[in-house]
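Have a look at the structure below, then the notes.
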Amino acid sequence: MSHTISQKTLYRGVLVVAILAGCVIDRAGILRFQAQQNEKHSTAIAKQQAVSQEETFGQKLETETDLAMKRASLGCVTIRSTRNNKPIRFDEKVRVFDPESFPNDPKTKRFDGKGNPINGVRPMPSGVVVCNIHGDTAVVGQDGFIGQIYRVAPSKLSEFKQLIGQ
């Protein structure tokens, strides 16, 4: 029995071998192509996440601004927080004190070396809403520490200052 291969089958075999050889030889090129595709996909996902975060930040800022403006319109106690005699923004570590409890003599020490009140100085009562000229509002908590801080967007700061009488 004689086995003959048709010319068509021969060409198909040669084509398959050429494709396999091309894949083996150009493996690095294929891997580069896959890496480029993965990078494009990662970049697209990162852009989508950035846009989503910007939208969320914008909504949060808008909500915070609205809440801070509402606090100012309902009335807040304007205070000036300082560190080294320079005005500072509110943060969770800020503690506020009732100015009416300060000694009449300005030379009398109000705080010890650790920042604790002395000589009759008392923290602001809990629940008081405080604000500052930077557009920060907060609610006084236990021992005069502030929390629930909301800030006004820079575009609304002049309107905020009018509400607090500055």
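The values are calculated or read from the model by the stated rules, or taken from the named source; none is laboratory data. Note that the structure is predicted; figures quoted are calculated from it, not measured. So basically every Cβ, Gly included, is an ideal-geometry build from the backbone, and we count neighbours across all protein chains shown. When the accessible area is computed, the model is the full protein with side chains, heavy atoms only, and any ligands, DNA or RNA have been set aside. Shrake-Rupley method; radii C 1.70, N 1.55, O 1.52, S 1.80 Å.
Dipole size of the chain about its Cα centre, with +1 on Lys/Arg Cβ and -1 on Asp/Glu Cβ: approximately 440 debye, rounded to the nearest 20. The tail of the calculated P(r) for the chain beyond 28 Å holds 54 percent of all Cα-Cα pairs. Relative to the longest principal axis of the Cα atoms of the chain, helix 7-25 runs at roughly 30 degrees. Averaged over its residues, region 75-147 has an accessible area of 62 Å² per residue, based on protein heavy atoms and a 1.4 Å probe. Global dimensions of region 123-165 from alpha-carbon coordinates: Rg and Dmax equal 11.2, 33 Å. With the whole protein complex present, Y150 retains an accessible surface near 60 Å², based on a 1.4 Å probe.
Here the accessible area of the chain is 55 percent carbon and sulfur, with a 1.4 angstrom probe and all protein chains present.
Accessible area ranking (1.4 Å probe, heavy atoms, ligands and nucleic acids excluded), largest first, for L31, L74: L74, L31. Against the chain, whose longest principal axis comes from its Cα atoms, helix 27-74 is set at around 20 degrees.
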